[in-house]
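The block underneath contains the structure these notes are about, expressed in structure tokens.
The values are calculated or read from the model by the stated rules, or taken from the named source; none is laboratory data. In this text, all values refer to a predicted model and were calculated from it rather than measured experimentally. As a convention, Cβ positions derive from the backbone with ideal geometry for all residues, glycine included, and neighbour counts pool all protein chains shown. Keep in mind that these areas ignore ligands, DNA and RNA; they rest on the heavy atoms of the full protein, side chains included. Shrake-Rupley method; radii C 1.70, N 1.55, O 1.52, S 1.80 Å.
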Amino acid sequence: MQKINKNVVLALLSLTSLVFLLFQLYYYKFYLSQKNGTVFSKVRGSQSGQDIARWHVVRKFLALAASYNIPVYLIDPFILGLVAKDIEQIRSSPEGPSPECKYFCAPRDFTTFALLDKTWKHEAGLFKTAEKMGFQWLKIINKDPRLDGMDDLSGIEIPLHYIFKLASHAIHLVVFYERSGNYLWHGPLRLKQHMDRNFVPFRKLHFGRYSGAYEKPELLLVSIDDLKVQIPKNPSSFLEEMLHSRFLECRYREARSFFQLYPDDASLDAVEFRKKAKSLLHLAALTLNNLGVKFWLSSGTCLGWYRQCNVIPHSKDVDLGVFIRDYKADIVPAFQKAGLPLKHKFGKVEDSLELSFQGDDDVKLDIFFFYEEDDHIWNGGTQAKSGKKFKYLFPKFTLCWTEFVELKVHVPCETRQYVEANYGPDWKVPVKMWDWKSSPSNVQYNGVWPVDEWDDVIQIY
């Protein structure tokens with residue numbers, strides 16, 4: 001009798017365990033799946049609870065943004081790097097459940113999204129709702145550079161970054177603004193003194209160390225890990241753009257101080273020249289951009305931007321720099337087609353190439369080609385009547401974006417070193433009498449072109 005009772009008890013226990021297990025499966029499938037918005041069909045045996053938690057934080061943030069009609073899009077370089085490898089599959093994949101959490105569950109401290117400032121209203125209700133959802137948040141503001149100028153150094157502050165933190169993961173929301181050069185800009189992330197520097201590991205953020213400039217992206221709505229999200233249509237191009245996005249503001253305070261010492265030339269001739277120089281620079285930028293040739297403000301044009309945030313009226317030309325590796329034979333025909341005839345061509349691709357195009361009236365465009373050595377960069381100059389060669393040495397530099405005469409253009413990131421190399425320590429003092437063969441601090445005599453090459457290396461039209 002005792003033996004029978006023992007078997008019955010064991011059977012009842014087994015049956016109870018089975019019923020409880022079936023109830024758990026039912027609860028997970030039909031309750032949790034509705035609550036969380038998804039069920040991944042593959043068991044995530046290799047993924048920790050922290051991995052899943054990242055996905056939940058992203059899901060909650062997207063739900064928060066959607067509830068206030070905030071059109072955020074994904075710009076996280078780590079996730080976009082993963083997405084770029086599978087972009088064709090993601091574009092063509094059905095909207096059914098994903099077999100695994102491959103992207104938003106990947107280990108990282110942040111997930112980065114962007115929004116355009118003009119596409120949403122700064123509603124206090126958003127932050128109250130975020131708090132109810134369990135988020136802690138931080139708002140980073142700073143001065144609006146779009147309102148800065150010679151006559152008004154604006155003190156108006158605008159939101160630049162938001163951090164939404166939930167448990168051990170955080171969402172970094174970068175605010176982009178449209179600038180007059182028809183591009184998008186985001187500001188740096190600078191914490192005020194009263195802010196908690198331990199709120200998140202700020203040094204690990206992908207955006208905010210510097211200001212950045214981007215083209216307006218074309219967006220694509222996709223399903224990633226069962227979450228609907230907008231991404232740049234070409235993630236690889238966006239990631240490449242991100243690597244070279246650093247932006248430098250014009251130094252309006254310094255420019256204002258400069259004009260207090262050296263009043264600006266407001267004569268009719270100066271105004272007319274600046275107008276023509278601006279038009280010429282816009283046309284040159286359009287032509288080179290269409291060719292895919294990277295360029296930057298060089299020589300006097302770069303000095304004007306850095307010193308006085310404007311074209312130097314007595315310079316009488318526009319100066320651009322191009323790395324010789326980016327030279328294309330189509331440059332001359334493209335400028336001629338744009339209505340800028342070739343005025344002279346000095347040097348050759350292998351050595352000291354320089355092109356000059358004629359703009360309106362006496363305003364010309366000079367393009368200097370730069371050659372890279374192990375420890376410096378140089379461009380050449382040629383004296384037409386003697387065949388003498390000159391070399392101008394610069395310390396190595398990288399390129400940053402800036403805005404100049406309502407145009408997004410490159411300048412050397414190490415602008416001061418670049419300017420000082422060319423104009424010496426007294427670059428802040430205007431010099432109207434300038435001899436290109438002897439005045440530059442970095443000029444070196446570089447020999448003479450062989451006479452039998454003059455027809456090729458000295459061409460004047």
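Between the listed residues ILE312, HIS376, LEU288, the Cα displaced farthest toward the positive end of the dipole of region 252-460, a dipole computed from Cβ unit charges relative to the Cα centre, is found at ILE312. The modelled label-to-label distance for the pair SER223/ILE156, using points 7 Å beyond Cα in the direction of Cβ, is 4.3 nm. Based on protein heavy atoms only, region 252-460 ends up with 48 Å² per residue of surface accessible to a 1.4 Å probe. Would any residue of region 385-402 have its amide N under 18 Å from a label point 7 Å out along Cα→Cβ of ASP374? List them or say none. So the set is 394-397. For region 176-249, the solvent-accessible area of protein heavy atoms averages 53 Å² per residue (probe radius 1.4 Å; ligands and nucleic acids excluded). Among the listed pairs LYS316/LYS337; LYS139/LYS396; LYS128/LYS228; LYS204/LYS428, those with a Cα-Cα distance over 31 Å are LYS139/LYS396; LYS204/LYS428.
Computed from backbone phi, the HN-Hα couplings of region 438-455 come to 10, 6, x, 5, 9, 7, 9, 5, 10, x, 10, 5, x, 4, 6, 9, 4, 4 Hz, rounded to whole numbers (Karplus: 6.51 cos²θ - 1.76 cosθ + 1.60, θ = phi - 60°; Gly and Pro given as x). On full extension, the segment bounded by ILE52 and LEU268 gains 71.1 nm, given 0.36 nm per residue less the C-alpha separation.
A cysteine counts as unpartnered when no other cysteine's C-beta lies under 4.7 Å of its own; in the chain this applies to CYS302. The phi-based Karplus calculation (6.51 cos²θ - 1.76 cosθ + 1.60; θ = phi - 60°) puts the 3J(HN,Hα) values of region 270-279 at 5, 4, 5, 5, 4, 5, 5, 5, 4, 4 Hz, whole numbers, x for Gly and Pro. Only one of [x] 28; [y] 20; [z] 37 was calculated from the structure for percent of Cα pairs over 41 Å apart, and its label is [z].
Proximity of backbone amide H atoms, modeled 1.01 Å from N, is registered between CYS400 and VAL411, CYS413 at under 5 Å, excluding neighbours fewer than 5 places apart on the same chain.
Take the Cβ atoms of LYS192 and TYR68, set R0 to 22 Å, and the FRET efficiency comes out at 0.30. Take the Cα of LEU116, step 7 Å toward its Cβ, do the same at SER279, and the gap between the two points is 3.1 nm. With 0.36 nm allotted per residue and the present C-alpha distance subtracted, the MET433-ALA167 stretch has 89.3 nm of extension available. On the accessible surface of region 47-248, probed at 1.4 Å, how many percent belong to carbon and sulfur atoms? Reported share for carbon and sulfur atoms: 51 percent. Backbone geometry of region 280-293 corresponds, through the Karplus equation with coefficients 6.51, -1.76 and 1.60 at θ = phi - 60°, to 3J(HN,Hα) couplings of 5, 5, 4, 5, 5, 5, 4, 5, 6, 5, 5, 8, x, 9 Hz, x marking Gly and Pro.
If R₀ is 30 angstrom, what is the calculated FRET efficiency for the pair ASN289 and LEU147, using the beta carbon separation as r and rounding to 0.05? Efficiency for this residue pair is about 0.65. Between PHE113 and ILE75, HIS172, LEU173, VAL174, the built amide H atoms are under 5 Å apart, and every one of these is 5 or more places off in sequence or on another chain. Counting only residues at least eight positions apart within a chain, or on another chain, the aspartates and glutamates with an alpha carbon under 20 Å from that of LYS216 are ASP76, ASP117, ASP144, GLU178, GLU240, GLU241, GLU249, GLU403, GLU406.
The portion of the accessible surface of region 252-460 made up by carbon and sulfur, rounded to a whole percent, is 51 (1.4 Å probe; DNA, RNA and ligands excluded). Across the chain, C-alpha contacts under 8 Å between residues 6 or more apart give a mean separation that, scaled by the residue count, equals a relative contact order of 11 percent.
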